[in-house]
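Report on one structure; see the data block that follows.
Read-outs: derived from the displayed coordinates by stated rules, not from any lab. Keep in mind that what you see is a predicted model, and the values were worked out from it rather than measured. Neighbour counts run over all protein chains shown; Cβ positions are idealised from the backbone, glycine included.
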Amino acid sequence: METVKAGPWKNLGAWLFIGFGGAIALASMPATSAPTLFLADLVLWPIDGGQSLTPESRLLSAVLGGVMIGFGTTLLVLIARAYPRDPQLVRTVILAGVWVWFVADSLGSFAAGAPVNALLNVGFLLAFVVPWRQVPSTAQR
């Protein structure tokens, strides 16, 4: 039985979530918070070095980073295990989750005064939409 292979580009968005999630999770510790502070400074334009992380934001960084790493890992497993059997279902699940994330995160970014983050979200969105724009209708047998 021949199966459909996903190819490396379908994993790109998952790895982006894992990477950014790891950086955000590291912000829970002062010694490793510099990348996240820079990202916060970037999205709360202009870059002025005025951002800081309170204990509350460090907690949220730990939680958000963990959720992002978990979501990315879930996507990798879904692609590796379910895609060969039902590529259309995997495409639907991934794109549904990504669109919901994109809308919620982008609207929240505008509401928080960080429209640059919504712009950066477009890059994440494209990392999913472009590789997932087409998949085989059924697994080859």
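Values as computed for the structure displayed
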read-out	value
Residues (surrounded by fewer than 16 Cβ atoms within 10 Å (Cβ to Cβ), in a helix (DSSP H, G or I) and of a type outside the set (A, V, I, L, M, F, W, C)) located in the range 2-21	PRO8, GLY19
Residue in the range 29-44 that is touching a residue at least 60 places away in the same chain (Cβ under 8 Å), aromatic (Phe, Trp, Tyr), closer than 20 Å to ALA112 by Cα and surrounded by fewer than 18 Cβ atoms within 10 Å (Cβ to Cβ) present	no
Near pairs, Cβ below 8 angstrom, 6+ apart or cross-chain, from the range 91-105 (within 27 Å of VAL4 (Cα to Cα)) to any residue that is part of a helix (DSSP H, G or I) and small (Gly, Ala, Ser)	ILE94/GLY13; VAL98/GLY13
Unique match (being hydrophobic (A, V, I, L, M, F, W, C), within 27 Å of MET29 (Cα to Cα), more than 11 Å from the chain's Cα centre (by Cα) and outside any loop (DSSP other than H, G, I, E, B)) among LEU59, LEU89, LEU78	LEU59
Residue within the range 96-108 that is surrounded by 13 or more Cβ atoms within 10 Å (Cβ to Cβ), of a type in the set (Ser, Thr, Tyr) and closer than 30 Å to ASP41 by Cα present	yes
Given (1) more than 22 Å from THR74 (Cα to Cα); (2) assigned to a loop (DSSP other than H, G, I, E, B), index of the condition LEU120 fails	(2)
